[in-house]
Amino acid sequence: MKLKLLASLLLLLNFSTAWAIEPFTVKDIRVEGIQRTEAGTVFSYLPIKVGDRLDDEQAAKSIHALYATGFFKDVSLKADGNVLVVQVQERPSIASIEFNGTSDFPKDQLKESMKAVGLAEARIFDKGALDKATQELKRQYVANGKYAVSVSTTVTELERNRVKVVFNVVEGEVSKIKQINLIGTQAYKEKEILALMKLSMPGWFSWFGSSDQYSKQKLSADLEELRSFYMDHGYLEFNINSTQVSITPNKKDIYITVNLTEGAKYTVSKVGVSGDMLIPQSEIEKLVQVKVGDTFSRKALTDTSAKIGERLGLAGYAFANVNAIPTLDKEKHNVAFDFVIDPGQRVYIRRINISGNSKTRDEVIRREFRQVEGAWFDVEKIKKSKQRVDKLDFFSEVNIKTPAVQGAPDQMDVNLSVKEKSTGSINAGAGYSSGEGFVITGGVTQANLFGSGNYLSTQINTGKVNQVYSVSYTNPYYTDNGVSRGFDLYKRNTDSQSTSVSQYSSHTLGGGVRFGVPIGEDESVNYGLAIERTELGLQASPPNRLAEYVNLFGAKNNNLLSTVGWGRDTRDSAIFTTEGAVQRAYAEIALPALDMRYYKLNYQHQLFYPVSSSVTLLLNAELGVAGGYDGKPLPFFKNFYAGGPGSVRGFDPNTLGPQDTTGAVLGGTRRVVGAAELLAPFPGAGKDNSVRLSGFLDAGAVYGAGDLPGSAGLRYSIGAALTWFAPVGPLKFSYAIPLNKQGVDKIQRFQFTLGSVF
């Protein structure tokens, strides 16, 4: 410190001596010594301008200003007559940054972290930034459990006033937790308590994760987990007295010691509710989860306070305060609670703000809102609004915040931010089976046409067996109250001579209109009317039932089709669902106005049950029944089929069910399909939910008109699937193994689809 002070005094002395001249008016300014820095840059930082009077005070300010830029390591001023000469010596620039001995991190990642603290190639070299970069590099290794890391730096001067910076790293070994000691455990065995902690001593499975690597954040989380465990099991006076973390001199072993006091186990003796409740007390008491005689549980207390707060939130009291006031009897180890309610002021929504929708029109989002401006705050309506916007499937992220309005304690805003994703796609599918061979499908879809929320789809299937050309358009808000209207045009060609399905060809041309009417928040009814013309062609020596049908009803049929559907959707998300259910019922009826007389009924129920915060169980069941009426049979080309994706994976598509003597698949009038699938994020993906793994069990069967439904006809398969919403589009892969293959069954174990998003 004394040396620095002496040096400063000498500098000031020399400076004063240098400027012990008569002040003068600056007629011109000249800069000397610059190589990379523009003269204009020096002039912009220099407080002295042409025409100003230069004295000792102004000279000192000028030198300090130029030093403060960080561009120069030496600055001096001279007078050449009335010309001010600024002499500078530039700091060197960083030509390159190199790392030796770094194997734990990619070098590009390290350069980015160095850049964040001010050390990067092409920048001016600063010793302070180098020190910060060294500490940041050590911090990253310590975060990975390598406390013995050693970092040294070498700065090499190069030509043209440049330097090369080299980080020499000796990573060392990962420091492991040698022992965790718990002092004060009496009610539970130490082994039970240690099992609650994420940190652990080395074991058989330690190599798979990092549980034996110390982290301050992990330890804090573990201590909170211990506190929650004891508090939820009655130990109201539980306390962690101290925590000690020590490391051996060789930086290899870490010892953790936790001193705790369990205290006594408390029982709830009394529960009361007081304060300004504003809603019936009986309704409030139903929300109280803490009962007299129960063991004290902090979780029950917090859940009760949260439920009462949510109930008050439904009535507009967004800032309601619910506090559980305890009264302890330490002798009897009893505790009484009084839930004191302070509802505050009723809060109204001032404004709903939407951001992030550069393509989607504002009205498309606003019409999904159930919370409206000017109404009082309703937590359920805000939650439902977010879910409905998310179900549009136009956005990859949907976030809602409800900040209070400054200066208005009874008002708040609703801020909805979205992150748009591509809603148009060019998709393609491919598969291979012994029946159809290699099949290619494709189409162009735009789910948010010109940002209007309208749906347009064109599909093409160029399979050897099935060829489909279709155009669909839907306006989900044909009326302001949510009635949708859609149009469909389609052409379907089927040539089954190369498959195991009964050999025939069909050509269908049709079009129709449909309407959807909402009958509830998550419920709607659909109506449709379509007209289509079907032409049948039989191959040589067709099966008797096909020939009889053509002889009786002709090869050309005109049909007037009426459709009625009902749906209920309570899923929390349209793509990566974690909970909720979907129910669909659908009926297709050929009206007697034209040639055919038949009906087809379908019902589907999907249930999503959260097993954990990241794992979801999907249960799916589908039932189908069809038949003819008015003396006419069900057209054979309207039969149900099963097998393949969407029904029973592992079997060839549409090959399950009754067959004739030649092995041709006939289809059936009844179909049953079920599946149980466990959905989980891809290991190591973190918060990225674009990839999902699943394990599934499929079952299904198709029955003819004379067959008795039963387990004998069911086919089962088990397998695994991967779904990835990649930047190029959705990719789905599945591999299934049939469990009860019969001799006539055809197998297709691997299936996949892929797409390209634009």
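The values are calculated or read from the model by the stated rules, or taken from the named source; none is laboratory data. Remember, predicted model here, so these are calculated numbers, not experimental data. So basically every Cβ, Gly included, is an ideal-geometry build from the backbone, and we count neighbours across all protein chains shown.
Quick look at the values:
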| read-out | value |
| --- | --- |
| Selection within the range 383-397 - of a type in the set (Asp, Glu) and crowded, with 17+ Cβ neighbours inside 10 Å | Asp390 |
| The one condition in (1) in a loop (DSSP other than H, G, I, E, B); (2) within 38 Å of the chain's Cα centre (by Cα); (3) among the charged types (D, E, K, R) that Glu283 fails to fulfil | (1) |
| Hey, Tyr504 closer than 21 Å to Ala590 by Cβ, at pLDDT below 85 and either of a type in the set (Phe, Trp, Tyr) or not assigned by TED's automatic domain parsing to the domain that holds Ala642 (or both) or not | yes |
| Residue in the range 162-171 that is buried (at least 18 other Cβ atoms within 10 Å of the Cβ) and under 14 Å from Lys252 (Cα atoms) present | no |
| Contacts under 8 angstrom Cβ, first residue in the range 149-163 being in contact (Cβ under 8 Å) with a residue 60 or more places away in the chain and aliphatic (A, V, I, L, M), partner exposed (fewer than 13 other Cβ atoms within 10 Å of the Cβ) and assigned to a strand (DSSP E or B), 6 or more apart | Val163/Thr156; Val163/Glu157 |
| Filtered residues of the range 224-259 (kept if on the phi > 0 side of the Ramachandran plot and touching a strand residue (DSSP E or B) at 6+ places or on another chain (Cβ under 6 Å)) | Gly234 |
| Lone qualifier among Val468, Val483 - being at pLDDT 70 or above, at negative phi and in contact with a Lys or Arg (Cβ under 7 Å, 6 or more places away or on another chain) | Val468 |
| One residue from Tyr735, Tyr716 being modelled with pLDDT of 85 or more and touching a Gly at 6+ places or on another chain (Cβ under 6 Å) | Tyr735 |
| Those residues of the range 172-193 which are in contact with a Lys or Arg (Cβ under 9 Å, 6 or more places away or on another chain) and either surrounded by fewer than 13 Cβ atoms within 10 Å (Cβ to Cβ) or not in a loop (DSSP other than H, G, I, E, B) (or both), in sequence order | Lys176, Lys178 |
| Criterion: within 26 Å of Lys632 (Cβ to Cβ), at pLDDT 75 or above and under 40 Å from the mean Cα position of the chain (by Cα) - qualifying residue of Gly520, Gly516, Gly537, Gly511 | Gly511 |
| Search result, residues across the range 375-390 that are aliphatic (A, V, I, L, M) and touching a strand residue (DSSP E or B) at 6+ places or on another chain (Cβ under 8 Å) | Ala375, Ile382, Val389 |
| Extreme residue, nearest to Ser694 (Cα to Cα), among residues of the range 646-684 that are more than 33 Å from the chain's Cα centre (by Cα), in a strand (DSSP E or B) and without any contact (Cβ under 8 Å) to a residue 60 or more places away in the chain | Val672 |
| In the range 123-142, residue surrounded by the most Cβ atoms within 10 Å (Cβ to Cβ) [restricted to those that are small (Gly, Ala, Ser) and touching a helix residue (DSSP H, G or I) at 6+ places or on another chain (Cβ under 9 Å)] | Ala133 |
| Residue match in the range 593-605 (condition: modelled with pLDDT under 95, among the polar types (S, T, N, Q) and surrounded by 17 or more Cβ atoms within 10 Å (Cβ to Cβ)) | no |
| Qualifying positions in the range 231-267 - outside any loop (DSSP other than H, G, I, E, B) and out of contact with any helix residue (DSSP H, G or I) (no Cβ under 9 Å at 6 or more places or on another chain) | Asn241, Ser242, Gln244, Ser246, Ile247, Asp253, Ile254, Tyr255, Thr257, Asn259, Thr261, Thr267 |
| In the range 540-566, residue modelled with the lowest pLDDT [restricted to those that are farther than 23 Å from Gln659 by Cβ and part of a loop (DSSP other than H, G, I, E, B)] | Gly554 |
| Condition met for Lys198 (at pLDDT below 90, in a helix (DSSP H, G or I) and exposed (fewer than 14 other Cβ atoms within 10 Å of the Cβ)) | no |
| Matching entry among Asp222, Asp253 (being touching a Lys or Arg at 6+ places or on another chain (Cβ under 7 Å) and modelled with pLDDT of 90 or more) | Asp222 |
| Identity of the residue in the range 299-310, in contact with a helix residue (DSSP H, G or I) (Cβ under 7 Å, 6 or more places away or on another chain) and surrounded by fewer than 19 Cβ atoms within 10 Å (Cβ to Cβ), that ends up modelled with the lowest pLDDT | Glu310 |
